[in-house]
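The values are calculated or read from the model by the stated rules, or taken from the named source; none is laboratory data. Note that this is a predicted model, so its numbers are computed, not measured. Here the Cβ is made from the backbone with ideal geometry for all residues, glycine too, and neighbour counts use every protein chain on show.
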Amino acid sequence: MKVVHQRYVAHSDAHYAGNLVDGAFSLKLFGDAGTHLAITVDGHEGLFAGYSSVEFLAPVRGGDVIEVEARLAARGRRSRTVEFELRVICRSLDDSGRAEVLAEPIVATRARGTGVVPVGTLTNGS
């Protein structure tokens, strides 16, 4: 089971030289996709317990178009292990608004984490 979100990265999201977006931007989007996955899998937003790994592999820049994937990797009674990936699918070429669709997406961020379904919210009463 997985969900995929796509969005444009506004130039106003860039915080650093070179039009770079901070790493927290990826983690916020992972939270949104993880919530969507939890609703799809369990019918509840769930609670995110934490990340076991986060890797920043390539830059995300203002003007890019990205997609974020949240994939259910393992399912316990109330815990859910989720793997996340953020890919750049269109890259801004300069500050004039020119951009290109990439032939191959660039994997910018990967993470793995655990979500928990609160007691009493599962359909079986757990």
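Which residues, taken from the range 41-67, are farther than 27 Å from TYR16 by Cβ, of a type in the set (D, E, K, R) and surrounded by fewer than 18 Cβ atoms within 10 Å (Cβ to Cβ)? First the steps, then the outcome.
The first filter runs over the range 41-67 and keeps only residues farther than 27 Å from TYR16 by Cβ, leaving 41-47, 49.
With of a type in the set (D, E, K, R) added as a condition, the list becomes 42, 45.
Result: GLU45, single match.
I'd like to know if the range 99-114 contains one or more residues that are in a loop (DSSP other than H, G, I, E, B) and closer than 26 Å to GLU55 by Cα. Walk me through it before giving the result.
Going through the range 99-114, the residues in a loop (DSSP other than H, G, I, E, B) turn out to be none.
Taking every residue of the range 99-114 in turn, none turns out to be in a loop (DSSP other than H, G, I, E, B) and closer than 26 Å to GLU55 by Cα.
Determine which single condition GLU45 fails, assuming it passes every other condition in (1) outside any helix (DSSP H, G or I); (2) touching a strand residue (DSSP E or B) at 6+ places or on another chain (Cβ under 8 Å); (3) more than 15 Å from VAL68 (Cβ to Cβ).
The one condition GLU45 does not meet is (2).
Out of everything in the range 58-93 that is over 30 Å from VAL117 (Cβ atoms) and among the aliphatic types (A, V, I, L, M), what residue ends up being modelled with the lowest pLDDT? Before you say what the answer is, go through the steps one by one.
Just the residues of the range 58-93 that are over 30 Å from VAL117 (Cβ atoms), to begin with: 58-65, 88-93.
Those left that are additionally among the aliphatic types (A, V, I, L, M): 58, 60, 65, 88-89, 93.
Working: ALA58: 98, VAL60: 97, VAL65: 98, VAL88: 98, ILE89: 98, LEU93: 87.
Filtering the range 58-93 for residues that are over 30 Å from VAL117 (Cβ atoms) and among the aliphatic types (A, V, I, L, M), the one modelled with the lowest pLDDT comes out as LEU93.
Of all residues being of a type in the set (Ser, Thr, Tyr) and more than 22 Å from the chain's Cα centre (by Cα) in the range 73-126, which is surrounded by the most Cβ atoms within 10 Å (Cβ to Cβ)? Just the residue, please.
Quick first cut of the range 73-126, residues of a type in the set (Ser, Thr, Tyr) only: 79, 81, 92, 96, 109, 114, 121, 123, 126.
Pick out the ones that are also more than 22 Å from the chain's Cα centre (by Cα) and you get 96, 121, 123, 126.
Numbers: SER96: 8, THR121: 15, THR123: 8, SER126: 11.
Here the residue is THR121.
Scan the range 66-82 and tell me whether some residue there is among the hydrophobic types (A, V, I, L, M, F, W, C), in contact with a His (Cβ under 8 Å, 6 or more places away or on another chain) and within 23 Å of HIS15 (Cα to Cα). I'd like the intermediate steps shown before the answer.
To start, the set of residues in the range 66-82 that are among the hydrophobic types (A, V, I, L, M, F, W, C) comprises 66, 68, 70, 72-74, 82.
Within this subset, residues satisfying the condition of being in contact with a His (Cβ under 8 Å, 6 or more places away or on another chain) are 68, 70.
Adding the requirement that they be within 23 Å of HIS15 (Cα to Cα) leaves 68.
Yes; the residues of the range 66-82 include at least one that is among the hydrophobic types (A, V, I, L, M, F, W, C), in contact with a His (Cβ under 8 Å, 6 or more places away or on another chain) and within 23 Å of HIS15 (Cα to Cα).
So which of ALA33, ALA38, ALA70 ends up being crowded, with 16+ Cβ neighbours inside 10 Å, touching an Asp or Glu at 6+ places or on another chain (Cβ under 8 Å) and not in a helix (DSSP H, G or I)?
Numbers: ALA33 fails: not in a helix (DSSP H, G or I); ALA38 fails: not in a helix (DSSP H, G or I).
That would be ALA70, the only listed residue that is crowded, with 16+ Cβ neighbours inside 10 Å, touching an Asp or Glu at 6+ places or on another chain (Cβ under 8 Å) and not in a helix (DSSP H, G or I).
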